[in-house]
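Trainee: Would you mind keeping the following structure in view while I ask a few things?
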Amino acid sequence: MGQLLASCSYWRLYLNWLKSRHMLKGIITFLAFYLAGEFISHLFAWPIPGSVIGMLLLFVYLYLKGSLSPSLKKSSDSLLPYLPLFIVPASVGIVNHLYLLQQDGWLLVIAMVVSLILAIPVCGLLMQHMLKIKTRKVVK
């Protein structure tokens, strides 16, 4: 009976290791795209943050691949509940530079409104385009 319990515990450890391996592979993939974006941003001295470039690279990769790997799904599902915590440092940064908001706050408001007006239709058109592509693949 003791050997059966020991083998069950080894089995549980093995299953946990498999789950964590998928999660680790997904996080390493996210970090690789982040580092690639940082590298490109510093190489060309672009004013665009490396994390944004990395996200665009990941989007292009997933779009071309056509599906989401289990490791990326597992790690993104695990990180999603903690997404609000990533907003806290940006909020603290805004509070630390409140004088800039007082000086140029109206410019920021105009930029946010214009970007919102442009982003909503672009997202809608992009979604329609992606749905058309998906339905073409299903029909074939």
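Trainee: What is the packing order of peptides 87-95, 75-83, taking the mean over residues of other C-beta atoms within 10 Å and listing the highest first? Write down the numbers at each step before the final one.
Mentor: Values: 87-95: 9.1, 75-83: 12.1.
By packing density, highest mean first, the sequence is 75-83, 87-95.
Trainee: Next question, about the same structure. Working from the pairwise distances between different alpha carbons, so that the mean of 1/r is found and then inverted, what is the chain's Kirkwood radius in Å? Display every interim value, and only then the final one.
Mentor: Values: mean 1/r = 0.0514 Å⁻¹.
Final number for the Kirkwood radius of the chain is 19.4 Å.
Trainee: Moving to a separate point now. What helices does the chain have that are whole DSSP H segments, at least 27 Å long along their own axis by Cα, and with mean Kyte-Doolittle hydropathy of -0.5 or more?
Mentor: Helices meeting the span and hydropathy rule in the chain are 2-44, 98-139.
Trainee: Sticking with this one: Provide T135, T29 in ascending order of the number of other Cβ atoms located within 10 Å of each residue's Cβ, fewest first.
Mentor: On the way: T135 10, T29 17.
Fewest-to-most ranking of T135, T29: T135, T29.
Trainee: Using all C-alpha to C-alpha distances in the range 69-140, build P(r) with 10 Å bins and read off the rounded percent in each one.
Mentor: The calculated distribution, bin by bin, is 15, 20, 34, 21, 9, 2.
Trainee: Tell me, what is the percent relative contact order of the chain, built from C-alpha pairs under 8 Å that lie six or more residues apart? Intermediate values should be presented prior to the final figure.
Mentor: On the way: 61 pairs, mean separation 27.0, N = 140.
The value is 19 percent.
Trainee: Right, next: If neighbour count is taken as other Cβ atoms inside 10 Å, put H97, H22 in order from fewest to most. Don't skip to the answer; put the middle values down first.
Mentor: Values: H97 11, H22 17.
Ranking H97, H22 by Cβ neighbours within 10 Å, fewest first, gives H97, H22.
All of the numbers you see were taken from the coordinates with simple rules; none came from a lab. Quantities reported herein were computed from a predicted structural model and do not represent experimental measurements. Positions of Cβ are backbone-derived with ideal geometry, glycine not excepted, and every protein chain shown enters the neighbour counts.
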